[in-house]
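Input: a single structure, listed below in structure tokens.
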Amino acid sequence: MPNRPDDTAAAHRGPEEQARFTALLTDMFEQRIRFNELLGLRVQSLVAPDVSLCFDMRPELVGHFLYGRLHGGVISAVLDATAGLALMAAIADKHPADTAEQVLQRFARMGTIDLRVDFLRQGVGRHFTAGAEVTRLGGRVGSTQMRLVNEEGVLIATGAASYILA
């Protein structure tokens, strides 16, 4: 079982409020964003710079039925979702006085401006991990770099994206 998000991140928020934020963000990401739930995404870490999530291969995610590899749209969606998660963790760190609800409210205004995905290898595997790092967090725009690997650590795809934050 993958590690759950680290409740000690952003300790300046206070351990109880940070734990609440971690639980609310994880619940929102895994259960309330229905597309993420459909993909089977699970939060692995909310600690920058190693924000990550994971998911298992399932027949519903296959793009090429003869080879059983991930659909390119799944890869793109997973990288986009991972980048959004990394930005939420960075926004929480940038606003340490905000409550969990205030930080999550900032998420409501976030949207993808630009997404580039480089498909490096076929999406073959049983288990996948996606990670993202925030490269810039401005007042209105945030930028990220992402990567997707299989259970053997083989790099499947990389990505770069920009998001409107306000």
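Bear in mind these aren't lab numbers, they're just calculated from the coordinates by the rules spelled out. As the structure is a prediction and not an experimental result, all values here were calculated from the model. Neighbour counts run over all protein chains shown; Cβ positions are idealised from the backbone, glycine included.
In debye to the nearest 20, how big a dipole does region 85-166 give about its Cα centre with +1 on each Lys and Arg Cβ and -1 on each Asp and Glu Cβ?
In total the dipole reaches around 200 debye.
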**Asked** What FRET efficiency do you get for ARG126 and GLU16 if R0 is 35 Å and r is their Cβ-Cβ distance, rounded to the nearest 0.05?
**Response** 0.40
**Message:** Taking only complete DSSP H runs, can you tell me which helices of the chain stretch 27 Å or more along their own long axis by Cα positions and average at least 1.0 on the Kyte-Doolittle scale?
**Reply:** 72-94
**Message:** If I take R0 = 22 Å and measure r between the Cβ atoms of GLU151 and GLU30 in this structure, what FRET efficiency does the formula 1/(1 + (r/R0)^6) give, to the nearest 0.05?
**Reply:** 0.65
**Prompt:** With a sphere of radius 14 Å drawn around the Cβ of GLY123, what net charge do the other residues whose Cβ falls strictly inside it have (Lys, Arg +1; Asp, Glu -1)?
**Reply:** 0
**Leading residue at positive end of dipole, the chain (Cβ point charges), from LEU148, GLN122, THR99** = GLN122
**Asked** Picking from ALA77, ALA48, ALA108, which is most flexible by a Gaussian network model of the chain using Cα springs under 10 Å?
**Response** ALA108
**Fill in**
Checked against the positive end of the charge dipole of the chain (+1 on Cβ of Lys and Arg, -1 on Cβ of Asp and Glu, about the Cα centre), the farthest of ILE33, THR112, ALA81 is THR112
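Which is the longest run of the chain containing none of the trypsin sites (Lys or Arg not before Pro) found in DSSP loop states (not H, G, I, E, B) with at most 12 other C-beta atoms within 10 Å?
No qualifying site falls inside 1-108, the longest such stretch.
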**Message:** Treating only the Cβ of Lys, Arg, Asp and Glu as charged (+1, +1, -1, -1), what charge dipole size does region 11-164 show about its Cα centre? Round to the nearest 20 debye.
**Reply:** 320
**Item:** Residue range of the chain that is longest and free of chymotrypsin sites (Phe, Trp or Tyr not before Pro) which are both DSSP loop and sparsely packed (at most 13 other C-beta within 10 Å)
**Value:** 68-166
